[in-house]
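Here is the structure we will look at.
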Amino acid sequence: QLRKSLGPYPVVGVVEATARAKKIGKDIFDGVDPRQTEKVEVLTLQLGEAIKTYYAEELTIANQYRPTTIKGVKAIFAPWIFRNTYEKDILQRLDRVDDIQYKKLSMITPKMVKQLHQVAGVRSPTVANRLIEYLRIFWNSFVKTDDNPFTLKKRYKFDEQEYLDFLDETELQ
């Protein structure tokens, strides 16, 4: 026997949860594995829709995410995935790559991801690396398939400088 989560309570109501449970029970009776159909259904979603669902279901305080982490993830996804910014520099850079928020999850390729990483990295290498890492985490926790296009080899990532700018004892005085 395996347990199946129907979704968090505030997002999924009692009536919807009951309907989902009946559908899963019918699928099991018909000999269909609900885990396989769930993976196929998720891959038909567009990236933008999937990320918004991820915000509501997975990226929550109830799932042990800190408010600052949630805010940070949304702050990076807003301009680079959803193109929600007024900065002309970012918008001009994004015109050079595919708008992946409207791509189905099954159609996103590592080449698209690498191009997005390069474009974001020209402006800020740290943000580009975080963008790819947050997308990788999104894929692993929401989509849950093995063929994650958001994995980028370390040699392609930008070098990050550790922030060591602090006051020594003479400066403190």
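Scanning region 81-91 for residues that are part of a helix (DSSP H, G or I) and either surrounded by 13 or more Cβ atoms within 10 Å (Cβ to Cβ) or of a type in the set (A, V, I, L, M) (or both) yields Ile90, Leu91.
The single condition from (1) open to solvent by 30 Å² or more (accessible area, probe 1.4 Å); (2) free of Cβ contacts under 8 Å to residues at least 12 places away in the same chain; (3) part of a helix (DSSP H, G or I); (4) under 30 Å from Gly13 (Cα atoms) that Tyr65 fails is (3).
Annotation for region 125-138: no member residue is part of a loop (DSSP other than H, G, I, E, B), within 30 Å of Arg35 (Cβ to Cβ) and either at pLDDT 95 or above or open to solvent by less than 70 Å² (accessible area, probe 1.4 Å) (or both). Against the numbered list (1) under 23 Å from Gln46 (Cβ atoms); (2) acidic (Asp, Glu); (3) outside any helix (DSSP H, G or I), Glu162 comes up short only at (1). Does Ala78 satisfy being out of contact with any strand residue (DSSP E or B) (no Cβ under 6 Å at 6 or more places or on another chain), open to solvent by 30 Å² or more (accessible area, probe 1.4 Å), of a type in the set (A, V, I, L, M) and not in a loop (DSSP other than H, G, I, E, B)? Criteria not met by Ala78. Tell me, which residue of region 93-117 that is part of a helix (DSSP H, G or I) and within 13 Å of Glu49 (Cα to Cα) is most open to solvent (accessible area, probe 1.4 Å)? The residue in question is Tyr102.
Every condition in (1) surrounded by fewer than 16 Cβ atoms within 10 Å (Cβ to Cβ); (2) of a type in the set (A, V, I, L, M); (3) assigned to a helix (DSSP H, G or I) holds for Ala50 except the one numbered (1).
Looking at Arg136, Arg93, just one residue is out of contact with any helix residue (DSSP H, G or I) (no Cβ under 6 Å at 6 or more places or on another chain) and without any contact (Cβ under 8 Å) to a residue 60 or more places away in the chain, and that residue is Arg136. In region 10-31, the residues that are closer than 18 Å to Glu58 by Cβ and in a helix (DSSP H, G or I) form Cβ pairs under 9 Å with partners that are open to solvent by less than 70 Å² (accessible area, probe 1.4 Å) and among the small types (Gly, Ala, Ser), at six or more places apart or across chains, as follows: Glu16/Gly7; Ala17/Gly7; Arg20/Gly7.
Screening Lys71, Lys23 for residues that are over 25 Å from Thr145 (Cα atoms), open to solvent by 30 Å² or more (accessible area, probe 1.4 Å) and over 12 Å from the mean Cα position of the chain (by Cα) leaves exactly one candidate, Lys71. Pairing each residue of region 160-173 that is closer than 21 Å to Arg123 by Cα with any residue that is of a type in the set (Ser, Thr, Tyr), provided the two are 6+ apart or on different chains, yields C-beta distances under 8 Å for Glu160/Thr126.
The values are calculated or read from the model by the stated rules, or taken from the named source; none is laboratory data. Everything quoted here is computed from the prediction, not taken from an experiment. Neighbour counts are summed over all protein chains in view; Cβ atoms, including those assigned to glycine, are modelled from backbone coordinates with ideal geometry. We work out accessible area using only protein heavy atoms, side chains counted, and drop any ligands, DNA or RNA first. Shrake-Rupley method; radii C 1.70, N 1.55, O 1.52, S 1.80 Å.
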